[in-house]
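Engineer: Before I ask anything, here is the structure I am working with.
The values are calculated or read from the model by the stated rules, or taken from the named source; none is laboratory data. Only a predicted model underlies this, so the values are computations on that prediction, with no experimental measurement involved. No Cβ is skipped: glycine too gets one built from the backbone with ideal geometry, and neighbour counts run over all protein chains shown. Note: areas computed on protein heavy atoms with side chains; ligands, DNA, RNA excluded. Shrake-Rupley method; radii C 1.70, N 1.55, O 1.52, S 1.80 Å.
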Amino acid sequence: MSPVRAAAMVVAAVFLVVGILGFIPGVTTNYDSMQFWSHDSTAMLLGVFQVSILHNLVHLAFGVVGFAMAMRPGGARAFLIGGGIIYLLLWIYGLVIDLDSQANFVPLNNADNWLHLGLGAGMVLLGLLPTGARAETGVVRH
């Protein structure tokens with residue numbers, strides 16, 4: 001398995017685990033206050049990251065999509081770089097909106113914002129790993 005495919009599978013697995021943990025009371029504090037989407041959702045994954053049902057579903061979807069795309073080196077690269085760019089955009093969004101406004105529908109808090117920066121940058125960098133494809137006499141192997 002190529003490094004980029006392995007990285008995409010690990011990232012996808014982390015997204016699935018985080019999505020599942022977001023629905024587990026105790027792991028997610030203030031679980032009873034969780035909203036579908038709203039800055040009023042005060043549920044906190046690991047007591048730090050503000051989550052909602054939508055936020056958890058997005059993590060689960062990223063995990064499923066990541067596993068599907070990781071089946072091929074090009075798909076793995078696209079998942080990591082594309083997903084990383086999405087998370088970098090989400091980081092910027094979280095910085096420019098008022099976290100106490102309706103614009104914060106995901107919802108996000110400062111811990112989420114900085115995690116999204118690290119996650120986005122990390123995913124883009126992982127997307128630059130070798131695919132394992134090698135050109136020999138005009139034939140590319142995967």
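Engineer: Under the condition of being farther than 18 Å from residue 132 by Cα and surrounded by fewer than 17 Cβ atoms within 10 Å (Cβ to Cβ), which residue from the stretch 69-96 is nearest to the chain's Cα centre (by Cα)?
Structural biologist: Here the residue is 86.
Engineer: Scan the stretch 6-34 for residues that are surrounded by 17 or more Cβ atoms within 10 Å (Cβ to Cβ) and part of a loop (DSSP other than H, G, I, E, B) and jot them down.
Structural biologist: Across the stretch 6-34, the qualifying residues are 22, 23, 34.
Engineer: Same structure again: Can you name every one of the helices (runs of 4 or more DSSP H) wholly within the stretch 35-142 that holds 2 or more residues which are without any contact (Cβ under 8 Å) to a residue 24 or more places away in the chain and polar (S, T, N, Q)?
Structural biologist: Of the helices (runs of 4 or more DSSP H) lying wholly inside the stretch 35-142, those with at least 2 residues that are without any contact (Cβ under 8 Å) to a residue 24 or more places away in the chain and polar (S, T, N, Q) span 110-126.
Engineer: Consider residue 105 against the criteria (1) open to solvent by 70 Å² or more (accessible area, probe 1.4 Å); (2) more than 21 Å from residue 21 (Cα to Cα); (3) not small (Gly, Ala, Ser): it satisfies all of them except one. Which criterion is unmet?
Structural biologist: Failed condition: (2).
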